[in-house]
Amino acid sequence: MSRDLADEDIYVSRGGMIPVRWTAPEALLHKQYSTASDVWSYGCVLYEIWSLGHKPFESTQIRTILQLVSKGYRLPPPSGCPKKIYNLMIDTWHPDSSSRPQPRDVLKGLLGNVEQVLAIPPEDVPADSQAAVLGAPLDRASRLYQDLQNTYTV
């Protein structure tokens, strides 16, 4: 599914199967793929990594995903996901494709001070301390980083 975009900034698909759970809205709606849509997908891969293999929107029907994303809904952080990592996910899921970070910026976000990147600030841990435990049930972290979860809510 990858394409060499060296001569173009956007690739327009002519059809075929699309991995909806990982695909940027502009690619789903207009079949336009770009570096920005790749960055969106990478945010979904980060979600998979930190959720220890759960699919994005795992319990959501395919036809509902685009509606939710269009209204600003973003996946909540997986349990144990540090705030800086979740913030990076949220940035990759910006509704305006031109406002998403460039791949080099994503890399910079991952290469910061390890203690800072991987820390969960105590003030962000809700009453349910399992939210800060990697591998705990995903719903335990649903209230973690509420400010970030609602960044794009319409």
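The values are calculated or read from the model by the stated rules, or taken from the named source; none is laboratory data. All values derive from a computational prediction rather than experimental measurement. Glycine also receives a Cβ, built like all others from the backbone with ideal geometry; neighbour counts cover every protein chain displayed.
Within the range 23-43, is even one residue buried (at least 17 other Cβ atoms within 10 Å of the Cβ), closer than 21 Å to Ile120 by Cβ and within 13 Å of the chain's Cα centre (by Cα)? Yes, the range 23-43 has at least one match. Here the range 55-99 is the region considered, the condition is being farther than 17 Å from Asp38 by Cα and small (Gly, Ala, Ser), and the residue that is surrounded by the most Cβ atoms within 10 Å (Cβ to Cβ) is Ser79. Residue pairs whose Cβ atoms lie under 6 Å apart, sitting 6 or more positions apart in sequence or on different chains, and linking a residue in the range 106-119 that is within 19 Å of Ala132 (Cα to Cα) to a partner that is among the charged types (D, E, K, R) and surrounded by 10 or more Cβ atoms within 10 Å (Cβ to Cβ), are Val117/Lys84.
Residue-by-condition table, conditions (1) in a helix (DSSP H, G or I); (2) among the aromatic types (Phe, Trp, Tyr); (3) modelled with pLDDT under 95:
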position: Tyr11; (1), (2), (3): no, yes, yes
position: Gly15; (1), (2), (3): no, no, yes
position: Leu29; (1), (2), (3): yes, no, yes
position: Glu48; (1), (2), (3): yes, no, no
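When we screen Leu75, Leu138, Leu88 for residues that are modelled with pLDDT of 90 or more and out of contact with any helix residue (DSSP H, G or I) (no Cβ under 8 Å at 6 or more places or on another chain), the only hit is Leu138. Pairs needed: first member in the range 44-72, among the charged types (D, E, K, R); second member anywhere, in a helix (DSSP H, G or I); C-beta distance under 6 Å; at least 6 residues apart or different chains. Taking only residues 6 or more apart or on different chains, the pairs are Lys55/Arg21.
Being part of a helix (DSSP H, G or I) and small (Gly, Ala, Ser) is the filter here, so list the residues in the range 103-154 that pass it. Residues satisfying the conditions are Gly109, Ser129, Ala131, Ala132, Ala141.
Within the option set Ser129, Ser51, being more than 22 Å from Val20 (Cα to Cα) and either touching a Ser or Thr at 6+ places or on another chain (Cβ under 9 Å) or surrounded by fewer than 13 Cβ atoms within 10 Å (Cβ to Cβ) (or both) holds for one residue only, Ser129.
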